[in-house]
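Asker: Dumping the structure here so I can ask a few things about it.
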Amino acid sequence: MAVDTPSQSVAKAAGEHVARGRSRGTGNPRRAAKRSFATHWYAWAMVAPVVIVIGVIIGYPLVRGIYLSFTDANERNVARTIGVNEIPATYEFIGLDNYTDAITGSQFLGTLGWTVVWTVSCVAITFALGLALANILNRKIAGRSVYRMMIILPWAVPGFVSVFAWRFLYDERRGLLNQILSGAGLDAVPWLNDPLMAKFAVIAVNVWLGVPFMMVALLGGLQSIPGELYEAAEMDGANAWQRFRNITLPGLRSVSTTVLLLSTIWTFNMFPVIFLLTRGGPGEATQILVTQAYKFSFEISPRDFAQSSTWGVLILVLLMIFAAIYQRVLRKQGEVW
């Protein structure tokens with residue numbers, strides 16, 4: 001009787017495994033889907049309402065916005081009702097003209113430039129401050145719990161309340177900041193009326209709002225790093241900087257990649273801070289892409305729904321490109337995301 005070699009045995013076992021898989025229906029995608037639904041029908045039933053709601057709330061407006069971006073729809077040619085009269089829509093399909101005008105125009109590129117500066121500045125400063133505070137509050141210091149609660153407080157307060165409070169602080173005549181400067185014999189600063197100062201002002205407010213989230217996330221990452229690593233490094237003679245560079249930063253890599261991505265997306269689309277604090281002013285100095293898209297649709301006359309939709313789609317595309325590049329860089333570094 002012939003005896004199989006090791007390679008023949010492995011091949012035979014693999015063939016039997018594949019045959020069993022096919023006999024169970026895993027080779028047929030449709031049959032596998034039916035089997036999965038029959039097995040996990042309860043989970044599908046629980047998820048279905050959420051999927052339907054998301055599809056209605058997000059899916060329909062997204063599809064509608066993409067469609068309008070290929071038209072010349074505005075306030076004057078969309079379907080509308082005036083009294084008992086119903087006026088039909090007269091807008092037309094114009095293809096990629098809106099995208100061409102937006103990408104080649106100076107307004108989109110100028111707004112995109114400031115949006116990138118705004119996003120990079122806010123995320124970098126927020127991450128640096130959040131990491132520093134997380135390291136401080138990860139140590140055993142007196143009143144650590146009180147300090148943590150105080151720093152988390154800006155995150156607990158509704159965003160629009162915080163922005164209105166900062167707007168009062170920035171007031172050129174009655175604001176607390178200028179009153180302090182006046183008491184010190186210095187001239188008042190036009191925080192929200194000077195283009196350059198307004199940019200610093202909105203960045204400061206967004207950083208103040210974002211630091212608590214960053215600190216909490218990084219603090220959780222720090223507490224997951226085993227303390228034995230620091231003790232061993234200290235016994236080997238490593239100084240504080242070496243321990244931070246070789247233990248803390250690698251230990252926070254998985255948390256950092258996630259919070260940096262989320263913070264970038266949130267900041268890129270941070271509508272409340274810009275709109276409530278400066279409304280994109282003075283002039284167009286602090287206008288970011290999302291507030292400009294809102295302006296097209298709700299502030300200018302006639303309201304340009306097509307242009308607003310075009311900018312919205314471009315914002316989505318830019319963030320998707322960023323996320324894809326970010327994921328590719330992480331994979332090259334060995335990170336799974």
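Asker: So Thr286 passes all but one of these: (1) of a type outside the set (Phe, Trp, Tyr); (2) in a helix (DSSP H, G or I); (3) surrounded by 20 or more Cβ atoms within 10 Å (Cβ to Cβ). Which condition number does it fail?
Answerer: (2)
Asker: Output the number of the condition that Gly105 fails; it satisfies all remaining conditions of (1) open to solvent by 50 Å² or more (accessible area, probe 1.4 Å); (2) within 29 Å of Gly281 (Cβ to Cβ); (3) more than 21 Å from the chain's Cα centre (by Cα).
Answerer: (1)
Asker: While we're looking at this one, here's another question. Just wondering, is there one or more residues in segment 141-149 that are more than 27 Å from Leu260 (Cα to Cα) and either in a helix (DSSP H, G or I) or in contact with a helix residue (DSSP H, G or I) (Cβ under 9 Å, 6 or more places away or on another chain) (or both)?
Answerer: Taking every residue of segment 141-149 in turn, at least one turns out to be more than 27 Å from Leu260 (Cα to Cα) and either in a helix (DSSP H, G or I) or in contact with a helix residue (DSSP H, G or I) (Cβ under 9 Å, 6 or more places away or on another chain) (or both).
Asker: Do the conditions hold for Thr71, that is, is it without any contact (Cβ under 8 Å) to a residue 24 or more places away in the chain, over 26 Å from Leu276 (Cα atoms), open to solvent by less than 80 Å² (accessible area, probe 1.4 Å) and among the hydroxyl-bearing types (Ser, Thr, Tyr)?
Answerer: No, not satisfied.
Asker: So if I check each of Ala323, Ala285, which one is in contact with a Pro (Cβ under 9 Å, 6 or more places away or on another chain) and in contact (Cβ under 8 Å) with a residue 40 or more places away in the chain?
Answerer: None of the others qualify; the one that does is Ala285.
Asker: Just give me the residues in segment 166-178 being surrounded by 14 or more Cβ atoms within 10 Å (Cβ to Cβ) and free of Cβ contacts under 8 Å to residues at least 24 places away in the same chain, in sequence order.
Answerer: Leu169, Asp171, Glu172, Gly175, Leu177, Asn178
Asker: Considering (1) open to solvent by 60 Å² or more (accessible area, probe 1.4 Å); (2) at positive phi, say which one Ala184 fails and leave the rest.
Answerer: Of (1) open to solvent by 60 Å² or more (accessible area, probe 1.4 Å); (2) at positive phi, only one is false for Ala184: (2).
For every residue, the table says whether it meets (1) among the hydrophobic types (A, V, I, L, M, F, W, C); (2) without any contact (Cβ under 8 Å) to a residue 60 or more places away in the chain; (3) part of a helix (DSSP H, G or I).
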residue	(1), (2), (3)
Asn206	no, no, yes
Ile225	yes, yes, no
Val255	yes, yes, yes
Val273	yes, no, yes
Gly280	no, yes, no
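Asker: Residue under question is Asp236, and the condition is that it be exposed (fewer than 13 other Cβ atoms within 10 Å of the Cβ), farther than 18 Å from Cys122 by Cα and out of contact with any Phe, Trp or Tyr (no Cβ under 9 Å at 6 or more places or on another chain); does it hold?
Answerer: Here the answer is yes, as Asp236 does meet what is asked.
Quick grid of which residues meet (1) of a type in the set (Ser, Thr, Tyr); (2) more than 27 Å from Glu75 (Cβ to Cβ):
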position: Leu249; (1), (2): no, yes
position: Leu260; (1), (2): no, yes
position: Thr267; (1), (2): yes, yes
position: Lys295; (1), (2): no, no
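Asker: Being more than 21 Å from Ser121 (Cα to Cα) and more than 21 Å from the chain's Cα centre (by Cα) is the filter; apply it to segment 194-226 and report the residue that is surrounded by the most Cβ atoms within 10 Å (Cβ to Cβ).
Answerer: Filtering first and then ranking leaves Leu222.
Asker: Among the listed residues Glu92, Glu86, identify the single one that is in contact with a Ser or Thr (Cβ under 8 Å, 6 or more places away or on another chain) and open to solvent by 90 Å² or more (accessible area, probe 1.4 Å).
Answerer: Result of the check over Glu92, Glu86: Glu92.
The values are calculated or read from the model by the stated rules, or taken from the named source; none is laboratory data. The structure presented is a predicted model; accordingly, all values stated were derived computationally and were not measured. In this analysis, Cβ positions are derived from the backbone assuming ideal geometry, glycine residues included, and neighbour counts consider all displayed protein chains. Side chains included, ligands, DNA and RNA excluded: accessible areas come from the protein's heavy atoms. Shrake-Rupley method; radii C 1.70, N 1.55, O 1.52, S 1.80 Å.
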